[in-house]
1. Could I have the simple spin-label model distance between Lys128 and Lys28, label points 7 Å from Cα toward Cβ, reported in nm to one decimal?
2. Of the listed pairs Lys140/Lys267; Lys233/Lys286; Lys64/Lys128; Lys5/Lys267; Lys133/Lys153; Lys198/Lys240, which have alpha-carbon separations greater than 24 Å here?
3. Shape verdict for the chain, please, from the Cα gyration tensor: rounded (a/c under 1.5), prolate (a/b greater than b/c) or oblate.
4. Most fluctuating residue of Val148, Val159, Val40 in a GNM of the chain with Cα springs under 10 Å: which is it?
5. Select from the range 70-164 those trypsin sites (Lys or Arg not before Pro) which occupy a DSSP coil region and have at most 16 other Cβ atoms within 10 Å, ordered by residue number.
6. Along the positive direction of the dipole of the chain (beta-carbon charges: Lys, Arg +1; Asp, Glu -1; about the Cα centre), which of Gly65, Ile135, Ala50 reaches farthest?
7. Under 8 Å for C-alpha pairs, at least 6 residues apart: give me the relative contact order for the range 6-296, rounded to a whole percent.
8. Quick check on the chain: of the DSSP beta bridges with both residues there, what percent are antiparallel, nearest 5%?
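Read the figures in this text as sums done on the coordinates, not as results from a lab. Keep in mind it's a predicted model, so treat the numbers as computed, not measured. Quick reminder, even Gly has a Cβ in these numbers, built from the backbone with ideal geometry, and neighbours come from all protein chains shown.
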Amino acid sequence: MDENKIYWHLPGFCYFFYLNQVTIRLMKDYPDKFMDNYEVGSVYGTFPGAIWNGGRAVFGLTGKGDMQKIISTYNRMGVPVRFTWTNSLIEEEHLNDTYCNLIMRIADNGQNQVLVNRQILEDYLREKYPGFKFISSTTKRITSFPEVEEELKKGYFLVVLDYDLNHDQNALEALKPYAGQVEILVDEICFPNCPKRKQHYEDESRTQLEFEKGTVFPCPNRTQKPSFSECRKRPAFIAKEELDDYVKMGYHNFKLVGRGLPLEMVKESYLYYLVKDSDREFIRKKMDQTLSRLTAKR
């Protein structure tokens, strides 16, 4: 990674396939209208129905041809696809899953990445698919500086910081020697110190494994339909005006949420963080026109 660049990791490589494509192409076509030195570092997510997936359960099925098309589209644009293999309930019996291993074989070209949080799956993937870059997931809920430091010493390509540390100046200062290995989730919608967050991840993992949507998880922070304006009021949110402070400390990997959220909310986050204020409406119009044209062809 180029330390002079700021890398953004975008959600929903499959669900937001068109939005992500359009955003990446607009960044290449109109670089003067986007923030200086910004680049898409990866697109993360899963193909529907993959039992190794965690964080948010995603149902359905994607055919082999569509998998190849989606992965190759991003890779041709120089963007890695990052798989969210963060199901916290994976056991040995799940390692030989045909569908998940097919995904890994298709993506095994030296360009792509995996997020991990379960040691048994990580060990299996490192042995069988060593060509991928491995990233420690925020779903591990590592919330203290000593624990994060230990995680950073394990040789991960990146470690995604828990959102509870987003504004912890003591931890951020202490982590400066490792800043290039840290990825920060800037627009988390949860409130700090949520007592049920890890339980929520386990509930989503079980839902994915058992293909059972079940009941809605009793989240203590659940509100009305999520919006980006509401997200900006959350305590863990990092405003674009604050980003320079993080960059000066050496942090240059930033992640945007979006899996399971409305497309309009995700689009607003892209426009807010990536685009210069003076050019936001121009890029919004270009984005909407291109999305309309692409979706009309489906």
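1. Roughly 3.2 nm, to one decimal.
2. On the way: Lys140/Lys267 27 Å; Lys233/Lys286 28 Å; Lys64/Lys128 20 Å; Lys5/Lys267 22 Å; Lys133/Lys153 15 Å; Lys198/Lys240 28 Å.
Table pairs above 24 Å Cα-Cα are Lys140/Lys267; Lys233/Lys286; Lys198/Lys240.
3. Details: a/c = 1.30, a/b = 1.09, b/c = 1.20.
Rounded, since a/c falls under 1.5.
4. Per the Cα network of the chain with a 10 Å cutoff, Val148 tops the list.
5. Arg141, Lys153, Lys154
6. The residue sitting farthest along the positive end of the dipole is Gly65.
7. Details: 455 pairs, mean separation 66.0, N = 291.
Once divided by the residue count of the range 6-296, the mean separation gives 23 percent.
8. Details: 1 of 28 bridges.
If we restrict to bridges inside the chain, about 5 percent are antiparallel.
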